[in-house]
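The values are calculated or read from the model by the stated rules, or taken from the named source; none is laboratory data. Since the model is a prediction, treat every value here as computed from it, not as a measurement. Methodologically, a virtual Cβ is constructed for each residue, glycine included, from the backbone with ideal geometry; neighbour enumeration extends over all protein chains shown. Accessible surface areas use protein heavy atoms only, side chains included; no ligands, DNA or RNA. Shrake-Rupley method; radii C 1.70, N 1.55, O 1.52, S 1.80 Å.
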Amino acid sequence: MKNKALLLIGFASLVIITASSFQLSNFEKSKIVKTQKTHNQKHLKLDLATALSEKAGSKKPVVASLTKDGIVIKNTTSKSTVVKPDILFFIADDMTSIDCEPYGNKDVRTPNLAKLAKEGMTFDNMNNATAMCGPTRQSLYTGLFPVKNGSYPNHAQVYDNVISIVQHFKKIGYRVALIGKQHYAPMANFPFEYLGGRNSDNGKGPDVELADAEKWINKDTSKPYLLIVASNQPHGPWNRGDVKQYDASKISVAPYMVDTKQTRDDLVKYYAEITYMDSLVGTCTKMVEKQKNKDNTLFLFASEHGSSMPFAKWTCYNMGLKAAFIARWPKVIKPDTRTGILAQYIDVVPTLFEVAGGNPETLRGNKEETMKLDGKSFYATLNGKPKEVRDYVYGVHTTRGIKNGSDNYPVRSIQDHNYKLIWNLQFNEPFLSSGSQPKNKLYSSWLKATNVTPKQAAHAKLYRNRPEFELYNIKNDVYELDNLADDKALASVKIKLVSELKKWMLDQGDKGIKTEAEALRRLKGDTLDWKTSGD
């Protein structure tokens, strides 16, 4: 009889809890109210009432269950009830990953990035899918590789049915805005609340009003926010920053470059603009630090892709595809840590969605909700449990559509932790871009340089004239100077990577030379504008 009485009381108590206006806050530990079989009804009611009274007035519902030992009031913290983090994502423009303090550059001054890295996590193997502004951003915002989403040539647009991070985050209660550089289309597919800015920078006046971003953050604190700050720096023509803080004669020149006067002069202007961009990062971190939710704000920095110097932008070399990527989240991320997991920009959307409490496996990349994202969440790594989410990272370059570019020069790449394979599908033709034209002062100085070894001279020529396959041991050759494609000892490595690359292309609907030939169909507006437009 006593057991039956306890059961009746237990069920009645659960009904009372459900109907009650009492709510629980986050529990540091599960609160358990146990009733031994020898306890009477008075004890059970007293324990339950105590638990409720201690938690009355908070914002979370009571969750309780009946066990053989009595009522168990459980910790109610869950992804659906925790306070969602705010997210600020700062994106640079045309910045090679190694050109900042957290990635080992001892010449360029980036104190704010150095501080961010000290307070957060630095990614050593974050990669783009393509080293061009528009396609990079649209793959980043959609979680889909460029050929699949439709934006694979520069100045292109995604397919009409593709959706983006904006729709995903609005569905889970976020305000979503962008300030600065856009470079996405159609606008309806990326319905950011746009806060103004420029899509290029002439160096005159402020190109982005960060005070407007701060006003937007503060105008509605009832919802969490996702804010993207998209800088125009250090994209050429390098007209920001104080060049006097750099001495061209004292800076180091990376081994993939040729050390000429023009190289040093260009690096000074480029580094000055990186330092200017770093000051904007500092402004944004101060904005966040003023907020009550600062410890639960995820601050991300991404360098976008490589600079316009040879072997970086417009290529599938690592100086183009690898990205500087730093994450700070005081509540979650352990300070001053690094991770070597393989990751790509397409992984950012599902990761942020999981950060915000969503299930990334439910995300779809199109309006019909039939297309799974290419990206995979690396949230576990942010949370202190490093976990690989992919075996390979991939690259695609479409020269058709860039200023002074080749008519048809597709490049594809694949990389694991040890090796990078690049496939130049039209290797019998010269690779053309603004950076490889004879009139380009920088590249011309490389070809004319006399203070170089035969190996350095051959590497400079490689930028324009390439073999079909390039294979690099990226563990030992980070600047990709020694092509091992013909090394018989690595034949099995080459075969495996070529096979995996072709599988990926098939999955993407990428037909190589044919896909390249059709690239102009994806351009927005007049398809002839690319011949004279900026890059």
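Applying the selection to the range 153-178, what residues are under 25 Å from residue 407 (Cα atoms) and open to solvent by less than 10 Å² (accessible area, probe 1.4 Å)? Across the range 153-178, the qualifying residues are 153, 154, 156, 158. Against the definition (within 25 Å of residue 433 (Cβ to Cβ) and open to solvent by less than 20 Å² (accessible area, probe 1.4 Å)), how does residue 471 come out, yes or no? When the stated conditions are applied, residue 471 passes them.
For residue 435, the conditions (1) of a type outside the set (D, E, K, R); (2) closer than 30 Å to residue 392 by Cβ; (3) open to solvent by 50 Å² or more (accessible area, probe 1.4 Å) all hold with the exception of (3).
Hey, among 397, 417, which residue is within 20 Å of the chain's Cα centre (by Cα), of a type outside the set (Asp, Glu) and surrounded by 21 or more Cβ atoms within 10 Å (Cβ to Cβ)?
Exactly one residue qualifies, and that residue is 397.
Evaluating residue 337 against the criteria (1) of a type in the set (Val, Ile, Thr); (2) open to solvent by 10 Å² or more (accessible area, probe 1.4 Å); (3) more than 18 Å from the chain's Cα centre (by Cα) leaves one unmet condition, (3).
Does residue 174 count as aromatic (Phe, Trp, Tyr), at pLDDT 95 or above and in contact with a Pro (Cβ under 7 Å, 6 or more places away or on another chain)? Walk me through it before giving the result.
Numbers: aromatic (Phe, Trp, Tyr): yes; at pLDDT 95 or above: yes; in contact with a Pro (Cβ under 7 Å, 6 or more places away or on another chain): yes.
Criteria met by residue 174.
Residue 504 meets the conditions (1) open to solvent by less than 80 Å² (accessible area, probe 1.4 Å); (2) assigned to a loop (DSSP other than H, G, I, E, B); (3) at pLDDT 95 or above; (4) closer than 24 Å to residue 399 by Cα in every case but one. The failed one is (2).
Listed here are the residues, each with its yes/no results for (1) under 13 Å from the mean Cα position of the chain (by Cα); (2) farther than 30 Å from residue 504 by Cα; (3) modelled with pLDDT of 95 or more; (4) crowded, with 24+ Cβ neighbours inside 10 Å.
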| position | (1), (2), (3), (4) |
| --- | --- |
| 80 | no, yes, no, no |
| 83 | no, yes, no, no |
| 89 | yes, no, yes, no |
| 100 | no, yes, yes, yes |
| 111 | no, yes, yes, no |
| 114 | no, yes, yes, no |
| 117 | no, yes, yes, yes |
| 134 | no, no, no, yes |
| 144 | yes, no, yes, yes |
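If you filter the range 208-235 down to residues that are closer than 30 Å to residue 435 by Cα and modelled with pLDDT of 95 or more, you find that the one that is most open to solvent (accessible area, probe 1.4 Å) is 235. Within the range 360-387, the residues that satisfy the criterion of being surrounded by fewer than 16 Cβ atoms within 10 Å (Cβ to Cβ), in a loop (DSSP other than H, G, I, E, B) and without any contact (Cβ under 8 Å) to a residue 60 or more places away in the chain are 369, 370, 383, 384, 385, 386, 387. If you scan the range 196-251, which residues turn out to be in a strand (DSSP E or B) and within 21 Å of residue 270 (Cβ to Cβ)? Hits for the range 196-251 are 229, 230. Against the condition touching a helix residue (DSSP H, G or I) at 6+ places or on another chain (Cβ under 6 Å) and farther than 30 Å from residue 168 by Cα, how does residue 254 come out, does it pass? It is false that residue 254 is touching a helix residue (DSSP H, G or I) at 6+ places or on another chain (Cβ under 6 Å) and farther than 30 Å from residue 168 by Cα.
When the strands (runs of 3 or more DSSP E) confined to the range 388-474 are screened for residues that are touching a residue at least 12 places away in the same chain (Cβ under 8 Å) and among the β-branched types (Val, Ile, Thr), those reaching at least 1 such residues are found at 393-397, 411-415, 419-424.
Of the residues 141, 184, 152, only one is farther than 25 Å from residue 238 by Cβ, of a type outside the set (A, V, I, L, M) and part of a loop (DSSP other than H, G, I, E, B); which? Write out each step before concluding.
On the way: 141 fails: part of a loop (DSSP other than H, G, I, E, B); 184 fails: farther than 25 Å from residue 238 by Cβ.
Just a single option satisfies the conditions, and that option is 152.
For the range 376-389, a residue qualifies if it is touching a Phe, Trp or Tyr at 6+ places or on another chain (Cβ under 8 Å) and modelled with pLDDT of 95 or more, and the qualifying residues are 377, 382, 389.
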